[in-house]
Amino acid sequence: MPEGDTVFAAAHRLRSGLAGKSLTRTDFRVPRYATTDLSGWTVTAVRSVGKHLFVDVAAHERTASIHSHLKMEGLWQVGPLGTRWRRPGYAARVVLRTDDVEAVGFDLGVVDVLADPATAVAHLGPDLLGDDWDAAAAVTNLARSADTPIGVALLDQRLLAGIGNVYRSEICFLRRVHPTVRAGDVDLPAIVETAHRLLWNNRLRPNRSTTGVTARGRELWVYGRDRRPCRRCGTTVVRHELDGRGVYLCPRCQQP
């Protein structure tokens with residue numbers, strides 16, 4: 001599933017192409033909004049909140065927001081009119097056009113047109129990439145889940161928003177924490193600081209890197225590297241099932 005930095009970057013691309021422009025055509029290819037037409041509305045903002053993306057629009061003192069969530073397979077493409085679509089037409093869920101730009105949302109897990117977009121993200125904890133990022137609140141939220149394994153708590157978007165499976169593996173490795181250790185038994189401020197730093201550093205990178213190296217195959221410490229040597233100590237990295245999803249770790253660097 002795309003993580004907070006991926007959605008932030010998608011919002012940045014959409015904002016660069018759409019912000020301040022009038023929509024000349026909108027096509028919502030989901031049954032609930034099949035007849036919705038926002039042609040003539042102006043894009044006032046494009047923003048991400050955790051893993052959620054919003055295209056805010058306005059017309060005649062009315063406002064609305066096109067809300068999407070990428071889920072596992074979603075993708076937003078934006079480019080000049082006439083740009084070849086990266087996925088087949090049947091995968092398109094939303095098409096937004098201006099005089100010179102077309103944005104297409106493919107395989108989006110969620111599509112809504114909302115009068116009150118705040119309702120879609122009211123349940124979320126602090127957004128790691130938000131202008132209002134609150135590290136202290138994130139630490140407090142995690143502390144309230146003291147008995148939950150830290151590797152599970154990091155994925156709970158109600159505690160802090162933006163972390164997915166890649167980052168939870170990398171954060172735990174960098175902090176030398178086994179993902180099954182109780183959240184109450186780890187240095188939560190350090191965990192939160194590492195999470196924020198990693199997502200912030202990667203928010204506009206074309207290729208995510210947690211090692212500081214962007215060369216292909218050297219970007220990550222442990223994620224996806226099961227049965228390969230740990231970059232730090234050489235011990236074989238393992239994949240551990242946790243809460244129904246795989247998390248990667250070094251059994252020497254991250255002892256329970």
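The values are calculated or read from the model by the stated rules, or taken from the named source; none is laboratory data. Not measured: the values here are computed from a predicted model. Don't worry about glycine lacking a Cβ; one is built from the backbone with ideal geometry, like all the others, and counts go over all protein chains shown. For the accessible areas, the whole protein counts, side chains as well, though only heavy atoms, and no ligand, DNA or RNA atoms are used. Shrake-Rupley method; radii C 1.70, N 1.55, O 1.52, S 1.80 Å.
Brief remarks on what is shown
- Per residue solvent-accessible surface (Å²) - segment 85-218, probe of 1.4 Å: 44
- Between S22 and D226, the modelled label-to-label distance comes to 5.5 nm, taking each label 7 Å out from Cα in the direction of the beta carbon.
- For segment 220-246 versus segment 5-31, the gap between their alpha-carbon centres in whole angstrom: 36
- Calculated mean residue ellipticity, 222 nm, the chain: -6500 deg cm²/dmol, from DSSP H runs (n ≥ 4) at -39500 (n - 2.57) each, averaged per residue and rounded to 500.
- Computed lengthening from A45 to R216, 0.36 nm per intervening residue step minus Cα-Cα distance: 58.2 nm
- Carbon + sulfur, % of accessible area of the chain - ligands and nucleic acids excluded, 1.4 Å: 48
- Within-15-Å neighbourhood charge of K71 [Cβ basis; K, R +1; D, E -1]: 0
- In this rough spin-label picture, where each label sits 7 Å from Cα along the Cβ direction, the E193-A143 distance is 1.6 nm.
- Relative protection proxy for 127-135, 5-13, from highest mean packing down: 5-13, 127-135 (other beta-carbon atoms within 10 angstrom).
- The Cα center of segment 194-216 and the Cα center of segment 144-169 differ in position by 19 Å.
- Cβ-placed point charges (K, R +1; D, E -1), dipole of segment 1-103 about Cα centre in debye, nearest 20: 240
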